[in-house]
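Novice: Sharing a structure below in structure tokens format, with a few things to ask.
Values in this text are rule-based calculations from the coordinates and carry no lab data. Fair warning: this is a prediction, and the values are worked out from it, not measured in the lab. Please note: Cβ atoms are built from the backbone with ideal geometry, for glycine as well, and neighbour counts cover all protein chains shown.
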Protein chains: 2
Amino acid sequence: MQQEAVVADKMKDGITAPKGFRSAGIHCGIKRSRKDLALIVSNLPATAAAVFTLNKVQAAPVLISKKHLDESEFFRAIIVNSGNANACTGERGYKDAVTMANETAKVLGVRPEEIFVSSTGVIGEPLPIVKIINGIHQIAKQVDKSEYISTAEAIMTTDTFVKSTSSTFIIDGKEVSIGGIAKGSGMIHPNMATMLAFVTTDVAIEKNIFQNLLKNVCDRTFNRIVVDGDTSTNDMVIALANGASGIGPLLPATESYKIFEENLYQVMKKLSIDIVVDGEGATKLIEITVEGALSDEDATKTAKTIALSPLVKTAIHGEDANWGRIIAAVGYSGIDFDPDKFEIIINDVPILKQNYFVTMPIAEANKTLKPRNINLMIKLNMGSGTSTVWTCDFSEEYVKINGSYRT
Amino acid sequence: MQQEAVVADKMKDGITAPKGFRSAGIHCGIKRSRKDLALIVSNLPATAAAVFTLNKVQAAPVLISKKHLDESEFFRAIIVNSGNANACTGERGYKDAVTMANETAKVLGVRPEEIFVSSTGVIGEPLPIVKIINGIHQIAKQVDKSEYISTAEAIMTTDTFVKSTSSTFIIDGKEVSIGGIAKGSGMIHPNMATMLAFVTTDVAIEKNIFQNLLKNVCDRTFNRIVVDGDTSTNDMVIALANGASGIGPLLPATESYKIFEENLYQVMKKLSIDIVVDGEGATKLIEITVEGALSDEDATKTAKTIALSPLVKTAIHGEDANWGRIIAAVGYSGIDFDPDKFEIIINDVPILKQNYFVTMPIAEANKTLKPRNINLMIKLNMGSGTSTVWTCDFSEEYVKINGSYRT
């Protein structure tokens, strides 16, 4: 999708918008010429929260980062390489991930447990660890407030545009910021499929409280995006909070906390939608809202099943308002519903009303699918459960890109 | 895929190979010009077995056929239309399906409960029932032993070739036959996704025994094929057994029963693989065998997850031996396994051995994916559970076909 205008807007600040953060992105030699190493540093010790892939096969950097999250109370940096996932690489891979943490700690003068390690790229090939070590020594000299764009670039793989955003707002009369970058375009599915996101903020927030908050917001953002159903070995969301704004520690159920939560949601939602929009070969962003399910869980299950259906995704790509495919997808989602009560509204136009009442000829209904942004609303009229997920359409390009990823 | 040679072979007999069956396929006017109405008639009262879609949204013909299966001990015919699924058509759709059974019963001089009704095609549009009634009166005059090809043609929708096969074998010195036809190409998934299959045989077999047998063989054939994960509103497998061979009633655990079961398996497996080979835009048939799982159920779950992964299917299409995608798919399949014990063999060539030992450069491994028939063997080395499923690759054509189904 054409993203120039949007990208320009997103470029305004990013991961270094919050006070006390510096970052950089460089080329260290994993990829042929594009940037492949990123470093995000907090000037002050920061608390952290993280969500990791649920895939049973977990890459070495996931294992190390989980370990550090458990072992340490405060954190100083995230080191990320792209181009090689360091997954399915056995003992050597584990050692390489430890080396990445150790070298980063060394150049920053902190302990290895204060470092998070992240990798993304091809699975099953050993890391070019010497190049990465040299890169770590070089990048540590380049971290700066102004380098947020190069940082976002350095975590990209098949991404076609940079995903970077920030939000600055007021709590108790002081300026507070949240910044974020992400990568991910293909293989996106709830539960962290081949996507990375890093979030920084200058509030103070206690580690356990931060963890609950991040998990909760992830469930409503990164875990609500669906591209093709595959989940990956490497995915993680890591957030750092360094307190440099002077605000905090935030406590749940306070007004400050609610303001912070809402802004965190907006930042993570923006990054999530960016990932969907960059879905391989995507031409349309599809927001699927299910209302009237027996529970919110049922609503999410329904919305995700529709979002995963290749038949629905190809029909929307072809601008065919084929509601039979949508209702069939709901039928195999496993939820309880009454087909006679089913309603479909596309971009505010009711296409199908209860008792299978078709409101207009198919040629008319197809016109509702012309825009690039599609809002697909399903009303089940069973209860009050509701949910929204985001996905993209399925085009010929998707197959081309994924059939020749390494060639 | 090019299927000319294979088709010629399959044409040799079909649904009327068993004694005492006649059939026909005609154009009655649902489609513009292709055949769209099929009738299969048993000269003698036949017992029946059937497996129906598990989708919560069930088309009217599914409801009627289920009802008749429950109500009657013997059956005489199956009436099938293509081009219109009579699904999501409410009360009118139900009445139309009843009319199809009633009219067929009338022209054959039997009771409506002895008739199965089946439909496939577009969802949500009312049947042109007057055309179908006229068609039923016409087709009843044309049923003949020689019309098995036109019968198979008349149930096709997006199918690119006729799916028809038979097996003739000896039980107790007498000739016995099983014939079958099927339709299905896109949207194929275990549990009967948008596929129809009709099977005839001239053995005698009691209804309950036949039902258990058909269910069991379906679980190893039609429920082991995977195209894209969508399941549909209309799908069914119906089998008729009329005893015209003089053999039977067959009893479980006898030698005769085993011979019959094996031939039924071969007929249904052949139709299943035909459906996969005809997967929309398919260029390769992929047989996925999982060995060494903790249970057969785990093996099937693993094989199906791999078969459903768009990333694996596009990689195989691109002849990229991307074993990382395969292991990642197993990782999110939900089964218990040890990634270090994982092995991958493609067309008898070991690509990956235990402890992530890569046996050859990727360019060499890619060559194993050149043939049109791919045997992908996964060894989990955990236990003795095993399973085989069949699927096809995912090409640009798939998206083109499904994005413009109705245009």
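Novice: When A:Leu352, B:Leu69, A:Leu240 are ordered from fewest to most other Cβ atoms inside 10 Å of their Cβ, what list results?
Specialist: Numbers: A:Leu352 25, B:Leu69 19, A:Leu240 31.
Least crowded to most crowded, the residues run B:Leu69, A:Leu352, A:Leu240.
Novice: A further question follows. Evaluate Rg over Rh across segment B:99-141, taking Cα atoms for both radii and Kirkwood's formula for Rh.
Specialist: 0.99
Novice: If I model a spin label at A:Lys341 and A:Glu91 as a point 7 Å from the Cα along the Cα→Cβ vector, what separation in nanometres do I get?
Specialist: Distance between label points: 6.0 nm.
Novice: Mind listing the label-point distances from A:Thr160 to the same position on all other copies, shortest first, one decimal in nm, points 7 Å along Cα→Cβ?
Specialist: So the distances to the same position in the other copies read 2.7 nm.
Novice: Where the label is 7 Å out from Cα toward Cβ, how close does B:Ser146 come to the same position in every other copy, in nm, shortest first?
Specialist: Result, one decimal in nm: 8.8.
Novice: Moving to a separate point now. Starting from a label point 7 Å past Cα on the Cβ side, list the distances from B:Glu91 to the same position in the other copies, nm, shortest first.
Specialist: So the label point of B:Glu91 gives 7.4 nm to the other copies.
Novice: Which shape class applies to segment B:285-403: rounded if a/c is under 1.5, otherwise prolate when a/b exceeds b/c and oblate if not, where a ≥ b ≥ c are the square roots of the Cα gyration tensor eigenvalues?
Specialist: oblate
Novice: For A:Leu264, A:Leu39, what's the fewest-to-most ordering of other Cβ within 10 Å of each Cβ?
Specialist: A:Leu264, A:Leu39
Novice: Going down the table (B:Lys95/B:Lys215; A:Lys19/A:Lys313; A:Lys163/A:Lys370; A:Lys270/B:Lys341), which pairs top 31 Å between alpha carbons?
Specialist: A:Lys19/A:Lys313; A:Lys270/B:Lys341
Novice: Continuing with this model, one more query. With springs only between Cα atoms under 10 Å apart, run a GNM on chain B and tell me which of B:Gly135, B:Gly248, B:Gly109 wobbles the most.
Specialist: Largest GNM mean-square fluctuation: B:Gly109.
Novice: Also, I was wondering about something else. Could you tell me how far the Cα centroid of segment A:70-103 sits from the Cα centroid of segment B:72-132, in Å?
Specialist: 63
Novice: Here's another thing I want to ask about it. Hey, fewest Cβ within 10 Å first, where do A:Met268, A:Met382, A:Met236 land in order?
Specialist: Neighbour counts put them in this order, fewest first: A:Met382, A:Met268, A:Met236.
Novice: Please compute the contact order of chain A in relative form: average sequence separation of alpha-carbon pairs under 8 Å and at least six residues apart, divided by the residue count, as a percent.
Specialist: Once divided by the residue count of chain A, the mean separation gives 18 percent.
Novice: Could you give the alpha-carbon Rg of the protein assembly as shown over 2.2 N^0.38 Å, rounded to two decimals?
Specialist: 1.04
Novice: Convex hull over the alpha-carbon atoms of chain B: what's its volume per residue in Å³?
Specialist: 133
Novice: I need the helices of chain B that pass two filters: whole DSSP H segments spanning 24 Å or more by Cα along the axis, and mean Kyte-Doolittle score no lower than 0.0.
Specialist: Flagged H segments are B:255-277.
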